[in-house]
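Please read the structure below before turning to the comments.
The values are calculated or read from the model by the stated rules, or taken from the named source; none is laboratory data. These figures come from a predicted structure and were not determined experimentally. So basically every Cβ, Gly included, is an ideal-geometry build from the backbone, and we count neighbours across all protein chains shown.
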């Protein structure tokens with residue numbers, strides 16, 4: 001068995017097969033993933049006294065290890081006294097991946113991370129919206145192979161959005177299935 005990357009597999013096998021299966025005359029109409037966005041909310045950890053000094057740098061370091069890219073901090077748009085939130089205070093981190101890094105991340109999720117999730121039965125088809133974008137999350141970041149559960153001092157979940165370029169929702173679902181994503185049986 002050849003050890004090919006997901007990007008090579010998409011260009012050589014998946015895209016031509018999808019074009020034939022969906023009866024597409026134009027190669028540019030073939031469904032594809034444009035970008036992958038990973039979001040992490042800091043939640044209650046943002047209220048801790050040592051958040052900026054210890055917790056936030058640790059989350060940034062571990063998210064960088066998972067994605068291979070430095071995350072961008074996202075601040076609160078306005079102050080909300082009831083939540084003890086000030087405008088500009090970091091409430092989350094975001095990473096947007098495209099190209100080779102995106103395909104490597106998706107390959108890692110499909111082949112390594114999903115099998116490590118306890119009681120994983122597949123992604124629900126409801127997670128694909130009408131535009132064909134796929135949304136799923138992980139409750140704990142320690143399911144990724146780069147993170148050692150013993151060495152990690154913080155615990156956070158992350159949400160992944162795959163933004164697809166497809167004509168219909170069904171075309172996007174066919175793309176995800178060909179790429180190796182497992183969906184729940186009805």
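Would you confirm, using the coordinates I've provided, whether residue 91 is more than 22 Å from residue 176 (Cβ to Cβ), in contact with a helix residue (DSSP H, G or I) (Cβ under 7 Å, 6 or more places away or on another chain) and surrounded by 16 or more Cβ atoms within 10 Å (Cβ to Cβ)? Full working, then the answer.
Numbers: more than 22 Å from residue 176 (Cβ to Cβ): yes; in contact with a helix residue (DSSP H, G or I) (Cβ under 7 Å, 6 or more places away or on another chain): yes; surrounded by 16 or more Cβ atoms within 10 Å (Cβ to Cβ): yes.
The answer is yes for residue 91.
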>> I want to confirm something. Restricting to the stretch 67-87 and keeping residues that are part of a loop (DSSP other than H, G, I, E, B) and surrounded by 11 or more Cβ atoms within 10 Å (Cβ to Cβ), which single residue is modelled with the lowest pLDDT?
In response: 86
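Name the residue that is surrounded by the most Cβ atoms within 10 Å (Cβ to Cβ), counting only residues in the stretch 6-47 that are more than 27 Å from residue 131 (Cα to Cα) and out of contact with any helix residue (DSSP H, G or I) (no Cβ under 6 Å at 6 or more places or on another chain).
Residues of the stretch 6-47 more than 27 Å from residue 131 (Cα to Cα): 42-47.
Checking the rest, the ones that are also out of contact with any helix residue (DSSP H, G or I) (no Cβ under 6 Å at 6 or more places or on another chain) come to 42-44, 46-47.
Details: 42: 21, 43: 11, 44: 8, 46: 19, 47: 12.
Going through the qualifying residues, I end up with 42.
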>> So the check is Cβ under 7 Å with 6+ separation or different chains; which pairs have a first residue in the stretch 101-129 that's on the phi > 0 side of the Ramachandran plot and surrounded by 13 or more Cβ atoms within 10 Å (Cβ to Cβ) and a second one that's at pLDDT 90 or above and not in a helix (DSSP H, G or I)?
In response: none
>> Restricting to the stretch 130-146, name every residue that is out of contact with any helix residue (DSSP H, G or I) (no Cβ under 6 Å at 6 or more places or on another chain), surrounded by 15 or more Cβ atoms within 10 Å (Cβ to Cβ) and assigned to a loop (DSSP other than H, G, I, E, B).
In response: 133, 140
> Just for the stretch 147-171: of the residues that are at pLDDT 90 or above and closer than 26 Å to residue 92 by Cβ, which one is surrounded by the fewest Cβ atoms within 10 Å (Cβ to Cβ)?
Replying inline: 159
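May I ask you to verify whether residue 100 is touching a helix residue (DSSP H, G or I) at 6+ places or on another chain (Cβ under 7 Å) and closer than 30 Å to residue 51 by Cα? So that I can check it myself, show each step before the final result.
Details: touching a helix residue (DSSP H, G or I) at 6+ places or on another chain (Cβ under 7 Å): yes; closer than 30 Å to residue 51 by Cα: no.
Spelling it out, it is not the case that residue 100 is touching a helix residue (DSSP H, G or I) at 6+ places or on another chain (Cβ under 7 Å) and closer than 30 Å to residue 51 by Cα.
Residues 95, 91, 160, 154: which one is under 30 Å from residue 51 (Cα atoms), assigned to a strand (DSSP E or B) and more than 15 Å from the chain's Cα centre (by Cα)?
Details: 95 fails: more than 15 Å from the chain's Cα centre (by Cα); 160 fails: more than 15 Å from the chain's Cα centre (by Cα); 154 fails: assigned to a strand (DSSP E or B).
So the residue among 95, 91, 160, 154 that is under 30 Å from residue 51 (Cα atoms), assigned to a strand (DSSP E or B) and more than 15 Å from the chain's Cα centre (by Cα) is 91.
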> Of the residues in the stretch 14-64, how many are at negative phi, more than 14 Å from the chain's Cα centre (by Cα) and in a helix (DSSP H, G or I)?
Replying inline: 27
